[in-house]
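Every number in this text was worked out from the coordinates using simple rules, so none of it is lab data. Computed from a predicted model, the values in this text were never measured in an experiment. Quick reminder, even Gly has a Cβ in these numbers, built from the backbone with ideal geometry, and neighbours come from all protein chains shown.
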Amino acid sequence: MDNQRISVETRQVKLTLSSGSQLTGETFLQLHGEHLSGLQKVGEILNGEDNFLPLRYEGKVELINLEQVVSIAVAAEEEFDPLLALGEEHQIWIEPTVGEAINVRIFVNLPGGRNRVKDFLNQKIRFLLLLQKDQIIYLARNRILRVQD
């Protein structure tokens, strides 16, 4: 068993923590995502059951408590799926509990014809997916102070 290894890929991420500090490093992705349709997405990890995210930076691996993460940014070219752009587009301004306010785009297409910003924000997931220029930002829903549509 000692020589068995699970094959994983890495993804470069930038975390903002509740303390205000930022960490840039790599996290680990399984070769098959939740729906077995290719490489696992960072969002699948963040909205999964695990409470700690492994992050390799400065030559070591640390486990980061997701309850203390405000946001995680990933290059859009690595994480973007055209299905993310389905639905009604909204340009919104968000003020997080830590860090600068951000202008982002969201696409809302939820069951039952729910396509308002409010519907998007009230999803029962831990991290919301936001699009900003060349990156995807996963923002902790419980770390949002206010939003303007």
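Tabulated data
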{"quantity": "Interchain or long-range residues, amide H under 5 Å from I64's placed H", "calculated": "L53, L55"}
{"quantity": "The chain, relative contact order in percent, only Cα pairs under 8 angstrom and at least six apart counted", "calculated": "21"}
{"quantity": "Theoretical gain in end-to-end length, Q12 to I125 [0.36 nm per residue, Cα-Cα removed]", "calculated": "38.4 nm"}
{"quantity": "Cα-based Kirkwood hydrodynamic radius, the range 8-73, one decimal, Å", "calculated": "12.2"}
{"quantity": "Gained length - T24 relative to T97, 0.36 nm times residue gap less alpha-carbon distance", "calculated": "24.3 nm"}
{"quantity": "The range 78-148: relative contact order as a whole-number percent, Cα under 8 Å and 6+ apart", "calculated": "32"}
{"quantity": "Calculated diffusion of the range 78-148, Stokes-Einstein form, Kirkwood radius summed over Cα pairs, 20 °C and 1.002 mPa s, µm²/s", "calculated": "171"}
{"quantity": "P(r) histogram, all alpha-carbon pairs of the chain included - 10 Å bins from 0, percent", "calculated": "10, 40, 36, 11, 2, 0"}
{"quantity": "E89 paired with L39, simple spin-label distance in nm, labels 7 Å along Cα-to-beta-carbon", "calculated": "2.6"}
{"quantity": "Estimated FRET transfer efficiency (L31, Y57; beta-carbon r; R0 22 Å; 0.05)", "calculated": "0.50"}
